[in-house]
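Each value in this text was obtained by applying a stated rule to the coordinates, not by laboratory testing. Just so we're clear, the structure is a prediction, and the values are computed from it rather than from any experiment. When we count neighbours, we look across all protein chains shown, and the Cβ atoms used for this are built from the backbone with ideal geometry, even at glycine.
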Amino acid sequence: MRRPGPGPFSRAIALAVCLVLGSTACSGSLPGDQDEAVVTFAATRASGGDLGALVERYNQENPDAPVRYVPLSAEADEQRTAMVQDLQARTGLYDVLYLDAVWTAEFAARGWLEPLEEERFAGPGILAAATETGRWNGRLYAAPFATGTGLLFYRTDLLDSPPRTWAELIDACAIAERNDMDCYAGQYMRYEGITVALVEAVASAGGEVITPQGEVVVDSPEGREGLGFLVEAMADGHIPQAALTYNEDMTRLAFQRGDLLFMRNWAFAYPLMNSPGEESVVQGRFDAAPLPGPDGPGTGTLGGNNLALSVHSDHKDEALRFIEFMQSEEVMRDWLADTSTPMARDALFEDPALLEEAPYLAAVREGMDNVSPRPVTARYNDVTNAIQKSAYAAMTGEMTVDEAVTTMQEELERAVRGT
Amino acid sequence: MIGDTERRDERRLATLLLIPTLIALSLVVVYPILSAIARSFFDDPIGRSPTFVGFDNYAQALFGYDREDFWAAVGNTLFFTVVSVAIETLLGLLMALVMHRAFRGRGIVRASVLLPWALPTAVSAVMWGWMLQPDGVVNAVLGTEIVWGGSEWPAKWSIIFAEVWKTAPFVALLILAGLQTIPPHLYEAAALDGASAWRRFTSVTLPLVKPAIVVAVLFRVLDALRMYDLPQILTGGANNTETLSTLVVRTATGELKQGYGGALSTLTFLFVFLCAFLLIRLLGTNVFAGVKEAAR
Amino acid sequence: MRTATTGRPRQRRRWGWENWVIGAGIALLLLYCLAPFYWMVVSSLKGPGEIASNSLWPRDPTLVNYRGVLGGRDHFGYAVRNSVVIAVTTTLLAMVIAVFSGYALARLRFRGRNLVLALILACSMFPGVAIVTPLYQLFADWGWIDEYQAMIVPNISFALPLAIFVLTTFFREMPWELEEAARVDGCGPFGAFGRIILPLAAPGVVTTGLLVFFAAWNEYLISSVVSITLASNPVTVAIAKFAGDSEFQQPFGSQMAAGVIVTLPLVVLVLLFQRRIVKGLSAGGFR
């Protein structure tokens, strides 16, 4: 295995070009460059905080087995591609992988991940729901790290309490209309966001898209009710048409501009909308609650990121030590305080100091008791593509709810079977 | 008259001069293409090694379960290509004619016209995506409330608009270079003959600049037929804007079906090849004509 | 002989209205090309709070985005260096190779000429995205991952078809009898080509060089996979790694600032070379 970083040939080319151009920017090495690193940690730059600083802290405490942090793209698809290329080619450039919760099954099924010891990485104190996202076929392949679920953000200056049911939410839309604003929006662009929205709606209605045993059951009264709620809200104008182009941040910006009475989003929006640096008209005028459902609290979709070990790693013991460090209560607490990301440890949801800083943690914790993971399948990309296609078509009115659910069922069955 | 030895020398020199190109192309392009084609005859299982399936992957795309996706992508790709290359060529010609004229400050004009092309597509796609938000600056300036990414035609036109904005300068630059090789005395002669400006344009400029236009159009068509970034970033393939390249990426790097993805790539290649062949037949390019005798 | 005249007919001045129409056309053209750029520059000068607003002028102009991009957070200076190294090397090597091939294809007679041309063109027909995985495998075997040559070599290959076609087209239009004459006058074959034909073909050669440079500067597909660390990331890959302060926050301000930074060198380049593009022929001064 070789470590990433340009070798002598590259440096020679660079030197030659620099000599020719007489450029002054050509000297010096990068800050944090670990030439003697034995473990490489690949993770997105867009994790919400500075993972490089965490790695540096680890290296100070563990000078015998330094870790190098390789920042990956901000786009989830590209992070996955970068890791997949390395794993497929068996290059072994990356030892520790920062995985989206939905990638575990695929990576494990393809034999790219080393199984982890349950006691060591999913012991007591780790949130059970988060641990589930690290499992495949009954074994643990990824150590839970960050977690989270969908929240209902609402305007406290216009409402006394958040709606608990879909009917209450739709009723409250009258308030939005009186204030000349739109009522509700989530992420309905055709990307992973609409998969999350669909799974949330179907689970809230008491159904499932794919059972843990791998059976596709979305074509059911609950599936229709879930998708029907979103489609109807869109058709009635309670969800603005613009939401068809919203991702997480666009939804946040719309709410922050004061365009929305309700918003479905992840916890990250909370501190941003209260930040004095932001041009936010809702500062101190909103709160977060668990999502509503048809006749009571709804079911949020589980998000999060886990830490996994590549089978091609040459330094497995050192890599596991680093994962253990990342999962320690101390590091997770600091990461939460630093980035406001809910973490996969029970204790951190009850810490009074943290709760004061991040009051939305209570809503997240409440939601975590009743969450639904996205389908756990080795063919996750096929599955999410099939969901996105039909759900989006139903939202734009291109398909009826019936057609969408039937098509989705058919395509999902085929996706799960594989080709 | 050319002797046999001279012929042989010419051949030997030609081989020598072409070797670097052939090496560079076979290393980085031909080898991966061949390996993708070879892979396209195998299936895409998880947990066992791929088995040979013959032309199954091709059949699946052309008339099997996924035919709707494939033919929709063919249609969209063709539509994007025809419309955007047509607009780009006209606009590029116009830009080149403007840049060709002598006037004060033309250096600035030339640089400005080329700017959109200098901007990396990844950045320009993000920029257009942001500007075309429902609450973005395009709607603010136009005074409209169009959800550009929310239905078929606004989505398609925003892709074409961003594509044309970015690539018309490419066409302009190539045509401009062609204009520069037109000897000035031809214009003077035409002007002395009393030809109008339009007549000079159609009878002197256009025929002489045609080889440059053909090369520009040819390469724009080849590129546009493989369009990826803009639809991917602007719409994610929603609202019937999936192109062949976004389909290949969704399949090969998203769903990790390299066999089926390889088949889609090969079909794309054949499709592009057919388009290029027809285009060359239609426009004719003097590159493919035989070598002219040195003495004219 | 270098002459100052561009030799365009002067009598056009007679039509005053024509100049007005052309002036208006130029203004429209500039508006069309520059308006999105204006928006990019304005956005890059807006602070995080203002970035989502549609005000056509930054209310409170700030360089915070530029500081973030160039400073400790993104180390964008390294990316600019990497891109310069990669794009310059690509352009130089690709142009030499393409001039060789262009000469052979425009000037020499040999069997299989059209086959070679078709083969070269065919290399621009396969979806680039499908090449990435086999190429990664190949470069991984060679230990090229995260090395400059893993980007330079593919860049050259991708640039060659266009460069060769443009150069062949231009070379074919050249008055080769002058080369013959020079050869007779005692220049070697390379001397004759270099002294007579290349200067005449300068608009084509410089234009091709710019096209190759721009393409290498903007390449993303291959680089995003074969370039791993900040030490080798070109600008396009570095921009894709920009991140907001929070998990889902879009780093729009940084992206726009980076867009301005990467476009500036190209503007300078165009301004420097645009005289060459235009003067190529008049420098020859005949025909």
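222 nm [θ] for the protein assembly as shown, helices only, -39500 (n - 2.57) per DSSP H run of 4+, per residue, to 500?
Here the helix-only value at 222 nm equals -18000 deg cm²/dmol.
On a 25 Å Cα-Cα criterion, which of the cross-link pairs B:K166/B:K210; A:K389/B:K166; A:K389/C:K46; B:K156/B:K257; A:K316/C:K241 come out too long?
A:K389/B:K166; A:K389/C:K46; B:K156/B:K257; A:K316/C:K241
How big is Rg to Rh over the stretch B:67-283, alpha-carbon atoms, Rh as the Kirkwood inverse-mean-distance radius?
Ratio of gyration radius to Kirkwood radius for the stretch B:67-283: 1.05.
Using the Karplus curve 6.51 cos²θ - 1.76 cosθ + 1.60 with θ = phi - 60°, what ³J(HN,Hα) values do you get for each residue of the stretch A:141-146, in whole Hz, with x for Gly and Pro?
10, 9, 7, x, 10, 8
What is the distance in Å between the Cα centroid of the stretch C:125-177 and that of the stretch C:64-110?
For the stretch C:125-177 versus the stretch C:64-110, the Cα centre distance is 12 Å.
For chain B, which DSSP H helices look membrane-span-like by this rule: Cα extent along the axis of 30 Å or more and mean Kyte-Doolittle of at least 1.0?
B:67-100, B:258-283
Considering the protein assembly as shown, what Rg and Dmax in Å follow from its alpha-carbon atoms?
Calculated on Cα positions, Rg and Dmax stand at 29.8, 99 Å.
Can you pull out the GluC sites (Glu not before Pro) in the stretch A:106-157 that DSSP calls coil and that have at most 12 other Cβ atoms within 10 Å?
Values: sites: A:E106, A:E117, A:E118, A:E119, A:E132; in loops: A:E117.
Here the sparse-neighbourhood loop sites are A:E117.
Using only the alpha-carbon atoms of the stretch A:261-419 as identical scatterers, what base-10 log of I(q)/I(0) does the Debye formula give at q = 0.08, 0.09 Å⁻¹?
Result of the Debye calculation: -0.37, -0.47.
According to the Kirkwood expression over distinct Cα-Cα pairs, how big is the hydrodynamic radius of the stretch A:201-355, in Å? Could the numbers behind the result be given before it?
Numbers: mean 1/r = 0.0529 Å⁻¹.
Answer for the stretch A:201-355: a Kirkwood hydrodynamic radius of 18.9 Å.
Let me see the pair-distance distribution of the stretch B:118-213: every alpha carbon pair, 5 Å bin width, integer percents in order.
P(r) over the stretch B:118-213, rounded to whole percents: 3, 11, 15, 14, 10, 9, 8, 10, 10, 6, 3, 0.
For the stretch B:145-192, go through all pairs of different Cα atoms, get the mean of 1/r, take its inverse, and jot down that Kirkwood value in Å.
Computed over Cα pairs of the stretch B:145-192, the Kirkwood hydrodynamic radius comes out at 13.9 Å.
Please report, in debye to the nearest 20, how large the charge dipole of chain B is about its Cα centre when each Lys and Arg carries +1 at its beta carbon and each Asp and Glu carries -1 there. Mind showing how you got there, number by number?
Numbers: 23 positive and 22 negative charges, 214 e Å.
Once rounded to the nearest 20, the dipole reads 1020 debye.
Let me know the Rg and Dmax you get for the stretch C:75-241 when you use only its Cα atoms, in Å.
Radius of gyration, then largest Cα-Cα span, for the stretch C:75-241: 18.3, 58 Å.
Could you work out how far the C-alpha centroid of the stretch B:83-138 sits from that of the stretch C:201-225, in angstrom?
Their Cα centres are 17 Å away from one another.
Taking only Cα atoms, what is the 0 to 90° angle, nearest 10, from helix A:316-327's long axis to the longest principal axis of chain A?
40
Give the separation of the Cα centroids, the stretch B:12-57 to the stretch B:221-296, in Å.
The distance from the Cα centre of the stretch B:12-57 to that of the stretch B:221-296 comes to 17 Å.
Under a GNM of chain C (C-alpha, springs under 10 Å), which listed residue has the highest mean-square fluctuation: C:W217, C:W39, C:W17?
Between C:W217, C:W39, C:W17, it is C:W17 that shows the largest mean-square fluctuation.
Quick one: among C:Y32, C:Y103, C:Y78, which has the greatest mean-square fluctuation in a GNM of chain C with alpha-carbon springs under 10 angstrom?
Among C:Y32, C:Y103, C:Y78, the largest GNM mean-square fluctuation belongs to C:Y32.
Could you tell me the largest-minus-smallest coordinate of the C-alpha atoms of chain C on each of the three principal axes, in descending order and whole angstroms?
For chain C, the Cα extents along the three principal axes come out at 71, 65, 30 Å.
Which residue, C:I156, C:I228, C:I26, has the most motion in a Gaussian network model of chain C that connects Cα atoms within less than 10 Å?
C:I26
Under 5 Å between amide H atoms, partner at least 5 residues away or on a different chain: which partners does A:F286 have, H built in plane at 1.01 Å?
A:T156
Just need log10 I(q)/I(0) for chain A at q = 0.07, 0.08, 0.12 Å⁻¹, Debye formula, equal scatterers on the alpha-carbon atoms, no solvent, rounded to two decimals.
With no solvent term, the Cα-only Debye profile gives -0.36, -0.47, -1.00.
For chain C, find the longest principal axis of its Cα atoms and tell me its angle to the long axis of helix C:16-44, 0 to 90°, nearest 10.
Tilt relative to chain C: about 40 degrees.
Quick one: helix C:132-142 against the long Cα principal axis of chain C, what's the angle to the nearest 10°, folded into 0 to 90?
The answer is roughly 80 degrees.
So which GluC sites (Glu not before Pro) in the stretch B:132-206 end up in coil per DSSP with only 15 or fewer other C-beta atoms within 10 Å?
On the way: sites: B:E145, B:E152, B:E163, B:E188; in loops: B:E145.
Hits after loop and neighbour filter: B:E145.
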